[in-house]
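The next block holds one structure in the form of structure tokens; read it before the comments.
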Amino acid sequence: MNRILLKIAVLLLAIIPMETGFVVQPILGEVAKSFPNASPAIIGYVMTLPAIFTIIFSVISGRLSITMNKKTLLLVGLLFYLIGGICPAIYAGQLWFILACRGLLGIGNGLCMPLVQGLVAEFFEGQERASMMGYSNAVGALGGILTAFFAGYIALFNWRYSFLLYGFMVIVFVLGWIALPDIKPAGKSEENLSAREKWRLPGGVYIIALFGFILWTFQLMSGIGTSLFATSEKIGNAAQIGTAMSLNMIAAFLSSLLFGQVFKKLKLNIWVLAIAMFAVSSLLTANAHIMITIYLAMAINGIGTAFLLPGFYVRASSIAAKTHQTFALGIVNAAMNLGVFTSSAVMGLIFSLLGGPNFRSLFVVITGIQVIMLILVAIYVFVTQNKEKGIEKTVAA
């Protein structure tokens with residue numbers, strides 16, 4: 001097994017979840033122009049429909065990984081992803097066809113997503129695993145930046161051609177085929193697994209999933225809200241908002257490169273640091289009157305994301321049994337995607353309680369929720385780390 005090719009293949013997989021949305025985000029306006037009779041809600045499904053299938057198939061993929069060859073599962077997922085991704089570039093005459101393709105893309109994304117970090121857990125251990133998860137997050141962030149940039153410029157010629165960017169996964173498919181060994185299940189066969197064993201995961205995995213669901217509900221709300229806030233308050237224009245989003249991704253990319261070293265020093269306390277950054281970012285936005293404040297807030301948010309996301313993955317994969325690591329990551333990914341999917345509805349509920357769209361007040365609420373989560377997560381980390389230290393002392397004695 002060529003170790004360098006293996007690392008490249010595993011790291012490039014991180015582009016999949018980022019590319020899923022970033023190809024479409026810059027071209028939604030052009031899609032709407034091509035289908036003037038379609039409602040904004042239907043056009044919005046071009047962006048959000050993959051998330052529904054991703055949630056479902058992330059769990060299915062994680063579950064299948066217990067008894068199925070992970071390489072086969074990955075290649076099947078990539079095939080769905082490629083077909084669903086590229087076909088709208090070939091034919092986009094009917095909106096229903098584009099939506100059907102987006103569904104296939106979501107299935108492929110869901111099948112691959114747990115394996116993005118699951119294969120890191122499969123091939124790497126200890127500090128190398130933590131560093132690789134940080135690098136994986138960095139590659140994903142860089143992929144998001146480049147994908148959004150190229151999709152926007154390609155759309156100047158024809159928005160359909162932006163879908164050809166999904167063709168990059170052909171390279172990943174070939175690398176996966178060549179570089180990845182057959183990863184046969186280490187556990188029992190499907191027939192010999194009891195119903196309980198098929199779904200058994202440590203309680204800590206579900207706690208991480210719950211944290212991820214709540215935090216990512218408000219993370220996406222923060223991203224959407226920042227754009228609408230800056231526009232409604234006349235703080236910045238579309239170009240400046242785009243710059244703020246880019247700063248978020250650049251900060252996430254650079255910080256992800258440092259994740260391994262920071263995690264080595266802080267361990268689970270990196271969660272507390274990351275959520276504190278989310279709260280500071282939201283508080284800055286709530287009090288912003290110039291774009292420089294929003295630039296700073298988005299950069300801080302990007303650093304927090306870079307530390308928290310791989311931090312969750314490292315912990316979930318380390319506490320799950322070897323046979324169930326990918327399943328654990330599938331549960332965590334599904335929970336965060338569910339948070340992304342429900343964020344708009346939660347934002348609508350908050351606005352109804354506030355008496356109407358008030359984005360400055362929205363960020364005050366988001367800050368409050370993040371401070372509450374900061375306290376809860378800090379308690380969980382304190383109890384968990386003390387418990388594990390106690391076990392280590394008992395074993396040593």
Quiz item: What are the chymotrypsin sites (Phe, Trp or Tyr not before Pro) within region 1-103 that DSSP puts in a loop, where the Cβ has at most 13 other Cβ atoms within 10 Å?
Solution: TYR91
Practice problem: Hydropathy first: keep DSSP H helices in the chain averaging at least -1.0 on Kyte-Doolittle, then drop any whose Cα extent along the axis falls short of 20 Å, and list what survives. | Solution: 40-64, 70-90, 95-123, 126-154, 203-232, 238-257, 269-286, 291-319, 325-354, 359-396
Practice problem: Assuming a ≥ b ≥ c are the square roots of the Cα gyration tensor eigenvalues, decide whether region 1-187 counts as rounded (a/c under 1.5), prolate (otherwise, with a/b larger than b/c) or oblate. | Solution: prolate
Exercise. Kindly flag which residue pairs out of LYS184/LYS387; LYS265/LYS322; LYS33/LYS234; LYS267/LYS322; LYS7/LYS33; LYS7/LYS265 have an alpha-carbon separation exceeding 30 Å in this structure.
Key: LYS184/LYS387; LYS7/LYS33
Practice problem: Which order do the peptides 129-140, 24-35 take when ranked by the mean count of other beta-carbon atoms within 10 Å per residue, highest first? | Solution: 129-140, 24-35
Quiz item: So what is the relative contact order for the chain, in percent, with contacts set as C-alpha pairs under 8 Å and at least six apart?
Solution: 25
Self-check item: Identified option (computed Rg/Rh (Cα atoms, Kirkwood Rh); candidates (i) 1.00; (ii) 1.11; (iii) 0.97)
Solution: (iii)
Quiz item: With the Cα gyration tensor of region 199-392 giving a ≥ b ≥ c as the square roots of its eigenvalues, does the rule (a/c under 1.5 for rounded; else a/b larger than b/c for prolate; else oblate) give rounded, prolate or oblate?
Solution: prolate
Quiz item: Expressed in nm to one decimal, what extension gain is obtained for the pair TYR153 and ALA345 from 0.36 nm per residue of sequence separation less their Cα-Cα distance?
Solution: 66.0 nm
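Roughly how big is the chain's charge dipole about its Cα centre, with Cβ charges of +1 (Lys, Arg) and -1 (Asp, Glu), in debye to the nearest 20? The partial results should precede the final answer.
Working: 24 positive and 12 negative charges, 118 e Å.
Charge dipole, the chain, about its Cα centre: 560 debye, nearest 20.
A short reminder: the numbers here are calculations on the coordinates, not readings from a lab. Remember, predicted model here, so these are calculated numbers, not experimental data. In this analysis, Cβ positions are derived from the backbone assuming ideal geometry, glycine residues included, and neighbour counts consider all displayed protein chains.
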